[in-house]
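Below: the structure, in structure tokens.
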Amino acid sequence: MPKHELILLKNMMQPGYTGSLPDYEKTGGYQALRATLGKTAPADVTATVRKSGLRGRGGAGFPTGVKWGFLPKDYHGPRYLCCNADESEPGTFKDRQLMERDPHQMLEGIVLACYAIGAESAYIYIRGELVLCSKILERAIDEARTAGYIGKNILGTGINVEVWVHRGAGAYICGEETALLESLEGKRGLPRIKPPFPATHGLYNKPTVVNNVETLANLPHILTRGADWFASIGSPPRSTGTRVFCVSGHVKRPGNYEVPMGVTFRELVYEHAGGMRSDKPMKAFIPGGASAPFLTPAHLDVKLDFESVAAAGSMLGSGGVTVMEEGTSMVWAALRLMEFFYHESCGKCSPCREGSSWLVQTMRRIMAKRGRMEDLETLSDLCKNIAGRTVCAFGDAEVAPIQGTLKYWREEYVALIREAEAANLVMPEPVARG
Amino acid sequence: MTFSEKYKDEIADILSRYPVKRSALIPLLYLAQRDHGHVSEAAMKEIAQLLGLTPPQVYETITFYTLFNLKPVGTFHIQVCRSLMCALVGSDTVLEWIKVKLGIGPGESTADGLFSLCLVECLAACGTGPMMQINDDYYERLTEEKLDRILYDLRSTGTSALKSGPFMWPEPVGSADRPSS
């Protein structure tokens with residue numbers, strides 16, 4: 001059993017817990033809502049969340065309370081909350097579990113967030129493939145509406161919050177918050193140029209907050225047990241609370257593990273996930289989803305908090321940890337991820353649209369042992385000209401697998417190219433014809 | 001009966017969720033796909049009319065998203081995840097099994113129209129790979145034996161008990177399905 005207290009996965013770890021409303025209420029569910037709505041001022045809810053140090057769990061790690069604080073105070077028209085449930089980052093599968101096993105935990109968080117920001121409508125933008133999950137959420141919303149936790153005049157407080165499930169349709173980019181809003185408006189999911197930010201010009205050009213599933217699921221606990229309690233967990237002051245890490249790849253027990261921020265990768269992989277699946281040692285791991293550069297076993301003692309992983313040259317991102325054993329080709333692994341990004345580039349910005357195609361073609365050539373030494377220069381050059389030159393962070397993400405592997409496993413690229421050179425024996429000289 | 005007559009109530013319910021009509025576009029396209037297995041040009045035109053859009057506006061949107069089929073697919077549309085996390089645990093082998101067992105490659109359908117196959121990118125089941133989605137259902141931790149059983153079940157009953165339920169992995173201690181340590 002874990003050495004620490006579970007927060008988000010606690011209920012679902014109980015034998016027989018179904019995630020139904022009666023089950024959730026038995027564990028103290030919706031008590032935060034009862035204690036907060038109409039009793040604590042919305043501004044104080046925001047202040048509590050800010051004080052707790054909660055940072056967004058979707059990938060960027062932006063402080064949640066601060067994000068809420070950006071909404072205009074003097075605007076009296078509609079505001080919106082969007083729950084980002086478009087979990088699509090390769091390596092990440094935590095939101096699916098949080099929603100399918102304990103949907104009310106997140107729904108309570110949604111209503112609390114709506115109360116704090118003054119929104120009466122919330123849309124759960126869920127990735128389209130998760131059909132079962134959408135059904136579970138819709139059933140849970142119906143249960144909550146019948147019990148008076150969602151809808152008009154919640155628990156007699158006069159507060160209205162309506163929640164809808166909106167299915168995406170298979171586009172990774174729609175996890176980017178402004179692409180999500182475009183998609184929710186019924187358009188192609190192309191990220192918007194920022195500023196203006198969603199806080200002022202979001203859904204339908206109205207003030208909007210977009211928060212991740214796990215972020216919202218933390219809210220009932222923070223409001224029930226207090227900001228100081230939450231801020232004492234993890235790696236304060238900058239990475240507080242727990243996180244649900246998703247471990248995949250060549251480990252004995254892949255899966256979701258909730259640990260306080262600040263434990264090491266070594267503990268996560270070797271204690272929680274049971275270590276490597278065979279006697280082959282670890283060769284590499286991705287610390288935070290496909291967008292995070294690869295790290296090596298030398299980084300196993302890096303702490304799982306935002307700053308430590310960034311200092312190690314990668315990012316904590318979405319919490320998807322993928323482990324690869326010795327014998328895995330790093331060029332192949334980088335190519336697989338690159339093919340993902342090539343497939344998912346939305347096409348709005350030319351550096352990303354054209355660059356992802358160039359990167360894939362060059363990588364495929366190297367992998368097919370037809371590469372040339374100057375391809376390495378081309379790859380680095382392309383990466384430099386994509387990262388930071390696009391409307392959204394996708395550009396930085398797509399170069400991560402190549403930059404990370406070129407940094408630590410350049411010799412694997414070189415070996416493949418040397419094989420190509422050896423096979424090419426002699427380049428024929430042009431024959432002079434008289 | 002036209003699409004809008006057939007689904008009058010459902011369409012009204014969808015439209016009631018959004019202050020701006022165009023937001024109903026993707027939900028209505030899903031409704032059309034549920035009806036036919038794919039979204040036909042006629043359905044697109046009708047949806048355009050319902051939402052006050054031009055047909056090209058509907059077309060530009062639908063072509064951005066991979067979950068809409070513009071052409072008919074098999075009764076059972078198999079989507080195998082090919083992303084790195086599944087590939088590390090054998091998704092390429094799963095694809096080979098399917099190719100051999102059904103005699104089709106990605107983008108093809110069996111002659112009887114029962115199965116179609118395509119490759120997809122990450123479906124958020126990386127801890128339980130290799131995996132595939134068939135129509136609405138996920139099938140995870142695939143083995144050749146499991147695959148045989150799933151194909152058999154679908155052929156004979158149209159559904160399979162091996163599809164995933166509410167997701168949790170690893171399962172809590174005491175559950176039969178928990179992987180041994």
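Out of all the residues in the range A:102-121, which are surrounded by fewer than 24 Cβ atoms within 10 Å (Cβ to Cβ) and within 12 Å of chain B (Cβ to nearest Cβ)?
Once the filter is applied, which keeps residues that are surrounded by fewer than 24 Cβ atoms within 10 Å (Cβ to Cβ) and within 12 Å of chain B (Cβ to nearest Cβ), the range A:102-121 yields A:Glu120, A:Ser121.
Cβ-Cβ under 6 Å, sequence separation 6+ or interchain: first residue in the range A:227-247 and polar (S, T, N, Q), partner part of a helix (DSSP H, G or I). Which pairs?
Final answer for the pair search is A:Ser239/A:Phe306; A:Thr240/A:Phe230; A:Thr240/A:Ala231.
As an exercise: evaluate B:Thr66 against (1) over 16 Å from the mean Cα position of the chain (by Cα); (2) among the β-branched types (Val, Ile, Thr); (3) at the interface with chain A (Cβ under 8 Å from one of its Cβ atoms) and give the number of the one condition it does not meet.
The number of the failed condition is (1).
Select from the range A:311-344 the residues that are among the small types (Gly, Ala, Ser) and surrounded by fewer than 24 Cβ atoms within 10 Å (Cβ to Cβ) and write down the one among them that is farthest from the chain's Cα centre (by Cα).
Filtering first and then ranking leaves A:Gly327.
Considering each residue of the range A:360-406, count those that are small (Gly, Ala, Ser), without any contact (Cβ under 8 Å) to a residue 24 or more places away in the chain and assigned to a helix (DSSP H, G or I), and give that number. Talk me through it step by step, then tell me what you get.
So in the range A:360-406, the residues small (Gly, Ala, Ser) come out as A:368, A:371, A:380, A:387-388, A:393, A:395, A:397, A:400, A:404.
Restricting the remaining residues to those that are without any contact (Cβ under 8 Å) to a residue 24 or more places away in the chain gives A:368, A:387-388.
Cutting the leftovers down to assigned to a helix (DSSP H, G or I) gives us none.
Within the range A:360-406, residues that are small (Gly, Ala, Ser), without any contact (Cβ under 8 Å) to a residue 24 or more places away in the chain and assigned to a helix (DSSP H, G or I) number 0.
Picking from B:Arg141, B:Arg149, which residue would you name as being in a loop (DSSP other than H, G, I, E, B) and either basic (Lys, Arg) or in the same structural domain as B:Tyr30 (by TED's automatic domain parsing) (or both)?
Exactly one residue qualifies, and that residue is B:Arg141.
For A:Asp95, only one of the following conditions fails: (1) in a helix (DSSP H, G or I); (2) more than 11 Å from chain B (Cβ to nearest Cβ); (3) in contact with a strand residue (DSSP E or B) (Cβ under 7 Å, 6 or more places away or on another chain). What is its number?
For A:Asp95, the exception is condition (2).
Residues of the range B:116-134 being within 14 Å of another protein chain (Cβ to nearest Cβ) and over 26 Å from A:Ala290 (Cα atoms), which ones?
Residues satisfying the conditions do not exist here.
Out of the residues in the range A:178-226 meeting the condition of being among the hydroxyl-bearing types (Ser, Thr, Tyr) and not in a helix (DSSP H, G or I), tell me which one is nearest to the chain's Cα centre (by Cα).
Looking at the filtered set, the residue picked out is A:Thr208.
When the range A:109-159 is examined, which residues are found to be closer than 22 Å to B:Val20 by Cβ, in a helix (DSSP H, G or I) and touching a Pro at 6+ places or on another chain (Cβ under 9 Å)?
A:Ile117, A:Ile141, listed by residue number.
Among what's in the range B:1-21 and is within 14 Å of another protein chain (Cβ to nearest Cβ) and surrounded by fewer than 18 Cβ atoms within 10 Å (Cβ to Cβ), pick the residue that is nearest to B:Gly52 (Cα to Cα).
B:Lys21
Take A:Glu214 and tell me if it is within 14 Å of chain B (Cβ to nearest Cβ), farther than 22 Å from B:Met131 by Cβ and of a type in the set (Asp, Glu).
Considered against the rule, which asks whether it is within 14 Å of chain B (Cβ to nearest Cβ), farther than 22 Å from B:Met131 by Cβ and of a type in the set (Asp, Glu), A:Glu214 comes out as no.
In the range A:341-359, how many are in a helix (DSSP H, G or I), within 14 Å of chain B (Cβ to nearest Cβ) and touching a helix residue (DSSP H, G or I) at 6+ places or on another chain (Cβ under 7 Å)? Step through it out loud before you land on a result.
Kept after step one, since they are in a helix (DSSP H, G or I), are these residues of the range A:341-359: A:341-344, A:350-359.
Still in the list and also within 14 Å of chain B (Cβ to nearest Cβ): A:341-344, A:353, A:356.
Next, only the ones that are touching a helix residue (DSSP H, G or I) at 6+ places or on another chain (Cβ under 7 Å) stay: A:341-342, A:344, A:356.
So the count comes out to 4.
For residues in the range B:69-115 being in a strand (DSSP E or B), more than 10 Å from chain A (Cβ to nearest Cβ) and hydrophobic (A, V, I, L, M, F, W, C), which is surrounded by the most Cβ atoms within 10 Å (Cβ to Cβ)?
Within the range B:69-115, the match that is surrounded by the most Cβ atoms within 10 Å (Cβ to Cβ) is B:Ile78.
The values are calculated or read from the model by the stated rules, or taken from the named source; none is laboratory data. Quick caveat, the model's predicted, so the values are computed rather than measured. Neighbour counts run over all protein chains shown; Cβ positions are idealised from the backbone, glycine included.
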